[in-house]
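One structure is given below, encoded as structure tokens.
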Amino acid sequence: MPDITMCNGNYCELRETCYRYKANPSQYMQSYFCETPIKDGKCDHYWECCPNCLLINGNHKMSCPTQKIQINL
């Protein structure tokens with residue numbers, strides 16, 4: 001369960017790469033924004049993540065298809 005306020009993603013173009021939308025909610029207790037927090041076309045609560053593996057800060061799981069392998073010679 002993510003210990004964050006999640007977003008329902010209504011009318012949001014960034015929802016497919018936002019952790020607040022993509023994370024798996026708790027089935028018992030999960031908080032959501034009452035309204036999508038978009039103002040003037042921007043979201044102050046946008047939290048970028050990989051749409052495939054949900055990791056943040058440019059990190060990826062080994063099984064993620066977007067993971068890039070770097071070999072230093």
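Give me a count of the residues in the range 10-50 that are of a type outside the set (Ser, Thr, Tyr), closer than 21 Å to residue 65 by Cβ and in contact with a Leu (Cβ under 7 Å, 6 or more places away or on another chain).
3
Within the range 1-40, take every residue that is among the aliphatic types (A, V, I, L, M) and under 23 Å from residue 55 (Cβ atoms) and give me the one that is surrounded by the fewest Cβ atoms within 10 Å (Cβ to Cβ).
The extreme case among them is 1.
Does any residue in the range 32-58 that is modelled with pLDDT of 90 or more and hydroxyl-bearing (Ser, Thr, Tyr) come within less than 7 Å, Cβ to Cβ, of a residue that is surrounded by 15 or more Cβ atoms within 10 Å (Cβ to Cβ) and part of a loop (DSSP other than H, G, I, E, B) six or more places away or on a different chain, and which pairs are these?
32/7; 46/14
Taking the criterion of being part of a loop (DSSP other than H, G, I, E, B) and surrounded by 15 or more Cβ atoms within 10 Å (Cβ to Cβ), would at least one residue in the range 65-72 satisfy it?
No, there is no match, as no residue in the range 65-72 is part of a loop (DSSP other than H, G, I, E, B) and surrounded by 15 or more Cβ atoms within 10 Å (Cβ to Cβ).
Modelled with pLDDT under 90 and in contact with a Phe, Trp or Tyr (Cβ under 6 Å, 6 or more places away or on another chain), is that true of residue 18?
For residue 18, the condition - modelled with pLDDT under 90 and in contact with a Phe, Trp or Tyr (Cβ under 6 Å, 6 or more places away or on another chain) - is not met.
The values are calculated or read from the model by the stated rules, or taken from the named source; none is laboratory data. Since this is a predicted model, take the numbers as computed values, not measurements. Because the Cβ atoms are built from the backbone with ideal geometry, glycine has one as well, and the counts that use them run over all protein chains shown.
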